[in-house]
Amino acid sequence: MSTMPVSPAPTSVPTPLVVSATKARLWIGGALLFGLLAYYFIGVDQGAVSVFGSDMHIHEFVHDSRHLLGFPCH
Amino acid sequence: MEKQIITRGLLAGALAGLVAFCFARIFAEPVIDKAIAYENGRDAAQAVLDKAAGLPIDPGGPDIFSRTVQSNIGIGVGLIGFGAAMGALYSVVYLLCLGRVGRIQPKVLALLVAGAGLAGIYLVPYLKYPANPPAIGHAETIKPRAALYLTMVVCSLAFILAATWLGRRLAPRFGNWNATLLSALAFAAAIGIVMAILPSLGELSANVHAYGHHATETPLPLTDPKGNIVYPGFPADVLFSFRFYSICNQVILWGTLALIFGPLAERVLRPVMQRAEATGAAGSGSGSGVTAAAV
């Protein structure tokens with residue numbers, strides 16, 4: 001790293017700060033929960049596994065995006 | 001600060017999903033319609049064959065939503081939702097990468113994390129199990145197919161994480177360039193082994209039982225009992241277009257996410273970094289950085 005020229009301009013300061021995962025746990029946990037739930041309902045639910053039994057409304061509604069995003073379907 | 005980064009990630013992701021939706025609506029939907037037209041024609045031909053053979057005719061599932069709803073609102077909600085979900089996960093990874101993966105500019109880090117997301121969540125799993133349009137995919141194999149696909153997603157994400165860690169470990173010894181190449185090579189080797197072990201979709205036991213040995217589930221020509229082709233196999237051009245637009249769609253989604261998020265994140269981080277620089281905390285260490293508690 002010492003060979004890298006360090007520019008004095010403040011806008012070019014690289015990112016040295018570290019965010020503590022434990023301090024930010026509420027926001028990180030919430031974002032992870034939302035992201036994974038949305039991924040699951042858009043990509044997987046009512047296919048191989050289903051949380052609402054044999055209902056197909058979510059599957060049929062997001063059907064085209066599920067195919068296009070690369071998820072297995074039908 | 002984590003609140004600002006994550007809300008911006010969500011916003012950038014939703015916007016990226018909107019851009020991806022515009023692309024998909026214009027380019028991918030006509031291809032999806034062609035695939036569905038093939039599927040309907042094939043089902044009709046199959047019904048005629050079944051009737052002639054005296055077999056019960058499969059009534060097919062009811063259409064819960066019309067094609068108009070699916071191809072306009074459904075795909076929009078799906079892509080914007082997926083974009084927001086990826087934006088949320090992406091911003092968490094970005095947040096945790098700050099100061100932990102070397103001294104990288106905020107906007108460059110935004111591009112790198114998006115590249116990792118695109119590869120880990122979509123492109124690498126796609127190498128083994130590419131996206132399929134409607135009409136391709138047997139209903140009876142959805143469970144193993146979903147399990148195999150998610151296995152690829154989890155493995156590629158885990159291996160990218162491991163490769164990043166490895167690259168950081170090798171960097172002092174080999175330099176950044178060579179350490180990156182070495183860890184990329186290790187990633188390719190590890191995911192290559194997983195891809196070699198996982199079965200092709202056509203080789204799933206239910207498919208071998210019903211159709212014989214084939215590499216994929218792409219429909220072959222439909223034949224009558226005498227072996228005459230009564231309906232063609234899935235059109236190759238439609239399959240190519242769909243897979244090509246599928247890749248374009250994800251590249252647009254992740255690219256837009258990074259290009260929107262990068263400047264937003266920089267605007268959040270710059271004052272924080274300047275304050276850290278001013279107090280001298282950041283200037284002392286090359287890799288340790290300062291904690292958010294200090295700023």
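The values are calculated or read from the model by the stated rules, or taken from the named source; none is laboratory data. Model, not experiment: these values are computed from the prediction. Note that each Cβ is placed from the backbone with ideal geometry, even for glycine, and that neighbours are counted across all protein chains shown.
Some values worked out for this structure:
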{"read-out": "Qualifying residue in region B:260-271 (condition: surrounded by 15 or more Cβ atoms within 10 Å (Cβ to Cβ), touching a strand residue (DSSP E or B) at 6+ places or on another chain (Cβ under 8 Å) and either assigned by TED's automatic domain parsing to the domain that holds B:Arg42 or at pLDDT 95 or above (or both))", "value": "yes"}
{"read-out": "Where a residue in region B:191-218 is in the same structural domain as B:Ala163 (by TED's automatic domain parsing) and over 19 Å from B:Gly233 (Cα atoms) and its partner, wherever it lies, is among the charged types (D, E, K, R) and modelled with pLDDT of 95 or more, with Cβ under 7 Å and at least six apart", "value": "B:Met195/B:Lys128; B:Leu198/B:Lys128"}
{"read-out": "Matching residues, region A:56-70, being hydrophobic (A, V, I, L, M, F, W, C), facing chain B (nearest Cβ under 7 Å) and closer than 13 Å to A:Asp45 by Cβ", "value": "A:Met56, A:Phe61, A:Val62"}
{"read-out": "Region B:12-63, residues that are touching a Gly at 6+ places or on another chain (Cβ under 8 Å) and touching a residue at least 40 places away in the same chain (Cβ under 8 Å)", "value": "B:Ala12, B:Gly13, B:Ala14, B:Leu15, B:Ala16, B:Gly17, B:Leu18, B:Ala20, B:Phe21, B:Arg25"}
{"read-out": "Among (1) touching a helix residue (DSSP H, G or I) at 6+ places or on another chain (Cβ under 9 Å); (2) more than 24 Å from A:Val62 (Cβ to Cβ); (3) not aliphatic (A, V, I, L, M) - the single one B:Gly74 does not satisfy", "value": "(2)"}
{"read-out": "Scan of region B:98-121 for residues that are more than 8 Å from chain A (Cβ to nearest Cβ), over 30 Å from A:Val49 (Cβ atoms) and hydrophobic (A, V, I, L, M, F, W, C), ordered by number", "value": "B:Val101, B:Val108, B:Ala110, B:Leu111, B:Leu112"}
{"read-out": "Within region B:35-52, tally of residues that are surrounded by fewer than 20 Cβ atoms within 10 Å (Cβ to Cβ) and within 13 Å of chain A (Cβ to nearest Cβ)", "value": "3"}
{"read-out": "Of all residues making up region B:110-146, the number that are assigned to a helix (DSSP H, G or I) and in contact (Cβ under 8 Å) with a residue 24 or more places away in the chain", "value": "22"}
{"read-out": "Test: B:Val124 is facing another protein chain (nearest Cβ under 8 Å) and modelled with pLDDT of 95 or more", "value": "no"}
{"read-out": "Residue that is nearest to the chain's Cα centre (by Cα), among those in region B:55-109 that are assigned to a helix (DSSP H, G or I) and charged (D, E, K, R)", "value": "B:Lys107"}
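This table checks each residue for (1) at pLDDT 95 or above; (2) surrounded by fewer than 18 Cβ atoms within 10 Å (Cβ to Cβ).
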position	(1), (2)
B:Arg8	yes, no
B:Ala14	yes, no
B:Cys22	yes, yes
B:Ile26	yes, yes
B:Gly54	no, yes
B:Arg67	no, yes
B:Gly81	yes, no
B:Leu89	yes, no
B:Ala114	yes, no
